[in-house]
Each structure stands twice: as C-alpha cells, then as structure tokens.
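The values are calculated or read from the model by the stated rules, or taken from the named source; none is laboratory data. Bear in mind that the values here come from a model prediction, so they are computed numbers and not experimental data. Every residue, glycine among them, receives a Cβ derived from its backbone with ideal geometry; neighbour counts consider all protein chains shown.
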Amino acid sequence: MERIEGNRPTRPTEAPMRVCIVGASGKLGQYMVEHCLERGYDVVGVCRAQSVPKLDRFAGRITIVPGPTNDEDVIRRAVAGCDGVLTVLAPWGVQQYSSGTAQAVLDHAPARARLIFSCGWHITRDGKDEYSTAFKALVGVFGWLARLVRFAELDDQVEACRRIFASDKRWTVVRGSDLEEGESQGLPVWSEHVQDPILASNLTRRIDFALFMVDALTNSALEQVAPAINGAQTPSALAHREAVAA
Ligand SMILES: NC(=O)c1ccc[n+]([C@@H]2O[C@H](COP(=O)([O-])OP(=O)(O)OC[C@H]3O[C@@H](n4cnc5c(N)ncnc54)[C@H](OP(=O)(O)O)[C@@H]3O)[C@@H](O)[C@H]2O)c1
C-alpha cells in the first residue's frame, strides 16, 4: 500500500519512484529519461508510435507505451501507479494536441502524483509577465504563420496551461527560456515573471531544462507555481548571485 508523507509521495518498501514521461522521444523528453534513470526511477515513456525507435538506446531500461499523447486510453495506461508525470506540452499540429494531452494527464494521473508540464515564456499565469515588443512580435508572427500552414497552434498550448492553472492537482508548469544544446551547467535559476532581472539572459541548456523538470518532482515548494527558468551560469544569473552575496 502506498502512502503520502508530508507533501512528498513515498512508498513504505523504498520502491523506486515511478515516473511517466509524456513526449519521451523529443529532445527535452530524452534528456528527462536520462535524468530519471540516473536517479534510479522506474520510467514509463509515452510517444507517438512512429517515434518509438528514437528511444532505442534506452531499450530494456524503460517501459514504452506507444500512441498519441492526447489519447485518453494511452495516458490512462501509462500513468497508472505513477508518483510523478513529466509532460512535454508541444504545440505541434492543429488537433488540440497540447490541451488534449494536458487534459488526459489531469484526468487520469493518480491524485497524489506530482504533475510537471513544460512550455515557454509566452505562457503567463497571472498576466503580470512583461514582454518586449520584439518577443511579442515573434510570438505573434510565428503563431499566425504556424497556424496558417497548419504546423502548430500556440493558442492551444495557452489553453492547455489555462486548464492546468485551474486544476487543484499538484502541478508545476515550467516555462522555458530560449534553449541551446551543451553540457549541463546545473539546476537553472527561476523567477515568477519573465521581466525579473535574474532572467534577463534568457538562455537555458536543454539538458538543464530537463533537469529542472525532474527536480521539480521532489520539490513541493514548486507545487501550483509556474516558474520561468534561466541558465545558472548565464550573466544575469551570476550577477544576481553576486548581488545577493554582497
Ligand atoms: N524549442 C525552444 O526553443 C523552446 C523554448 C522554450 C520552451 N520550449 C518548450 O520545450 C518543450 C519541447 O521542447 P523540445 O525541444 O524537446 O521539442 P521537440 O524535440 O520538438 O519535442 C516536442 C514533442 O513534440 C512531439 N511532436 C513533434 N511533432 C509533432 C506533431 N506533428 N504532432 C504531435 N507531436 C509532435 C515530439 O514527439 P515525436 O518524438 O513523436 O516527434 C516531442 O514529444 C515544449 O514544451 C516547448 O514549449 C521550447
């Protein structure tokens, strides 16, 4: 029998934490698989059937449930018995993929599970984020063009997050800055609003975005919070650290 101690799910038998990664085959997803395996977690990955080969290097170490991530039945089977669910909210396609995926996770994950979702800085929880004109123009033009050619629907990612924010589950929505590849620089810094000085550099290594997502599983201080993140070694993060130390 499982129990909840404080805010953290634990199992009396010290069984490893069981984590479902929804969207495991993408770039962010694969980094999250690596971080979870390093921690000794049991990993269940969900990805589209045609993407299963992208997870070949994890063969024998994770369970894969193939299928669309917005398919209720796929998600119900994948999240059963999980302590945590890491969900990549992808705006790709024009079939309400993000909101369908978020809804399926909200509806079917165990009530005690930590639910961590990824998105970008363009999502705002309380409307108090201040964006530059250039950022707003980029999001506006990309969103319009992407929808025109039926490539992606940013509005649906906004709708997905609206539903998560309205939920009483143990969620965290991690809002990623611009991303780059490279070796880990450690756990990113975060703040509530994108204009906060610590976030000014707006650049996170993708491997560290994944690290923040996985770390959030066991950080109850991030429950029902939508942190905007930035790399720990970026100039604005370092300047903040120096200012605090002074
Ligand atoms: N890229 C950035 O600069 C940036 C910046 C900030 C935040 N983010 C956030 O980071 C997350 C994803 O990042 P990523 O770099 O890992 O992206 P990614 O590699 O493109 O993966 C995203 C997911 O989308 C799926 N996908 C791709 N095309 C699809 C389609 N046509 N229909 C349905 N699903 C499709 C992928 O599954 P398959 O493997 O099956 O293709 C994968 O699970 C998102 O939440 C995004 O909002 C990204």
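Look at the range 166-186 and say how many of its residues are of a type outside the set (Gly, Ala, Ser) and more than 14 Å from the chain's Cα centre (by Cα). Write out each step before concluding.
First, pick out the residues of the range 166-186 that are of a type outside the set (Gly, Ala, Ser): 168-175, 178-181, 183, 185.
Next, from what is left, pick out any that are more than 14 Å from the chain's Cα centre (by Cα): 168-169, 178, 180-181, 183, 185.
Residues flagged as of a type outside the set (Gly, Ala, Ser) and more than 14 Å from the chain's Cα centre (by Cα) within the range 166-186 amount to 7.
Can you tell me how many residues in the range 61-83 are more than 16 Å from the ligand (Cβ to nearest atom), of a type outside the set (A, V, I, L, M, F, W, C), closer than 22 Å to Ala210 by Cβ and part of a loop (DSSP other than H, G, I, E, B)?
2
Being within 16 Å of the ligand (Cβ to nearest atom), within 21 Å of Ala210 (Cα to Cα) and modelled with pLDDT under 95 narrows it down to one residue among Ser118, Ser98; which is it? Lay out the reasoning, then the answer.
On the way: Ser118 fails: modelled with pLDDT under 95.
Unique residue meeting the criteria: Ser98.
Might you check whether a residue that is within 15 Å of the ligand (Cβ to nearest atom), over 25 Å from Glu242 (Cα atoms) and surrounded by fewer than 19 Cβ atoms within 10 Å (Cβ to Cβ) occurs anywhere in the range 174-196?
Yes; the residues of the range 174-196 include at least one that is within 15 Å of the ligand (Cβ to nearest atom), over 25 Å from Glu242 (Cα atoms) and surrounded by fewer than 19 Cβ atoms within 10 Å (Cβ to Cβ).
Taking the stated definitions as given, is Ala15 over 20 Å from Phe117 (Cβ atoms) and part of a loop (DSSP other than H, G, I, E, B)? Walk me through how you get there before you give the answer.
Details: over 20 Å from Phe117 (Cβ atoms): yes; part of a loop (DSSP other than H, G, I, E, B): yes.
When the stated conditions are applied, Ala15 passes them.
When the residues of the range 126-155 are narrowed to those that are within 15 Å of the ligand (Cβ to nearest atom) and at pLDDT 90 or above, which ends up surrounded by the most Cβ atoms within 10 Å (Cβ to Cβ)?
Of everything passing the filter in the range 126-155, Asp129 is surrounded by the most Cβ atoms within 10 Å (Cβ to Cβ).
If Ser118 meets every condition in (1) more than 17 Å from Pro227 (Cβ to Cβ); (2) in contact (Cβ under 8 Å) with a residue 60 or more places away in the chain; (3) not basic (Lys, Arg) apart from one, which number is that one?
Only one criterion in (1) more than 17 Å from Pro227 (Cβ to Cβ); (2) in contact (Cβ under 8 Å) with a residue 60 or more places away in the chain; (3) not basic (Lys, Arg) is unmet by Ser118, namely (1).
Sort out which residues of the range 40-60 are within 14 Å of the ligand (Cβ to nearest atom) and farther than 20 Å from Ile207 by Cβ, and write them in order of number.
Val46, Arg48, Ala49, Gln50, Val52, Pro53
Take the residues in the range 107-125 that are of a type in the set (Val, Ile, Thr) and closer than 25 Å to Val33 by Cα, then tell me which one is surrounded by the most Cβ atoms within 10 Å (Cβ to Cβ).
From the range 107-125, those of a type in the set (Val, Ile, Thr) are 116, 123-124; that's our starting set.
After this cut, where a residue has to be closer than 25 Å to Val33 by Cα as well, the list is 116, 123.
On the way: Ile116: 26, Ile123: 24.
Restricting to residues being of a type in the set (Val, Ile, Thr) and closer than 25 Å to Val33 by Cα, the top hit is Ile116.
Restricting the first residue to the range 184-210 and requiring it to be without any contact (Cβ under 8 Å) to a residue 24 or more places away in the chain and closer than 15 Å to Ser132 by Cβ, which pairs with a second residue that is of a type outside the set (A, V, I, L, M) and surrounded by 21 or more Cβ atoms within 10 Å (Cβ to Cβ) meet a Cβ separation below 7 Å and a spacing of at least six or different chains?
Pairs found: none.
What are the pairs, 6+ residues apart or on separate chains, where a residue within the range 98-115 that is more than 19 Å from Arg48 (Cα to Cα) has its Cβ under 9 Å from a residue that is β-branched (Val, Ile, Thr) and surrounded by fewer than 19 Cβ atoms within 10 Å (Cβ to Cβ)?
Hits for this filter: Arg112/Ile4; Arg114/Thr218.
Have a look at Leu28, Leu86, Leu37 and point out the one that is buried (at least 17 other Cβ atoms within 10 Å of the Cβ), in a helix (DSSP H, G or I) and not small (Gly, Ala, Ser). Quick ask: steps written out before the conclusion?
Working: Leu86 fails: in a helix (DSSP H, G or I); Leu37 fails: buried (at least 17 other Cβ atoms within 10 Å of the Cβ).
Leu28 is the lone residue from the list that is buried (at least 17 other Cβ atoms within 10 Å of the Cβ), in a helix (DSSP H, G or I) and not small (Gly, Ala, Ser).
Return a yes/no flag: does the range 140-153 have any residue that is aliphatic (A, V, I, L, M) and within 26 Å of Gln30 (Cα to Cα). Full working, then the answer.
Of all residues in the range 140-153, those aliphatic (A, V, I, L, M) come to 141, 145-146, 148-149, 152.
When the remaining residues are screened for being within 26 Å of Gln30 (Cα to Cα), the result is 146, 152.
Within the range 140-153 (the criterion being aliphatic (A, V, I, L, M) and within 26 Å of Gln30 (Cα to Cα)), the answer is yes, since at least one residue qualifies.
Could you list, in sequence order, the residues of the range 91-114 that are hydrophobic (A, V, I, L, M, F, W, C) and out of contact with any strand residue (DSSP E or B) (no Cβ under 8 Å at 6 or more places or on another chain)? Before you say what the answer is, go through the steps one by one.
Of all residues in the range 91-114, those hydrophobic (A, V, I, L, M, F, W, C) come to 92, 94, 102, 104-106, 109, 111, 113.
Matches in the range 91-114: Ala104, Ala111.
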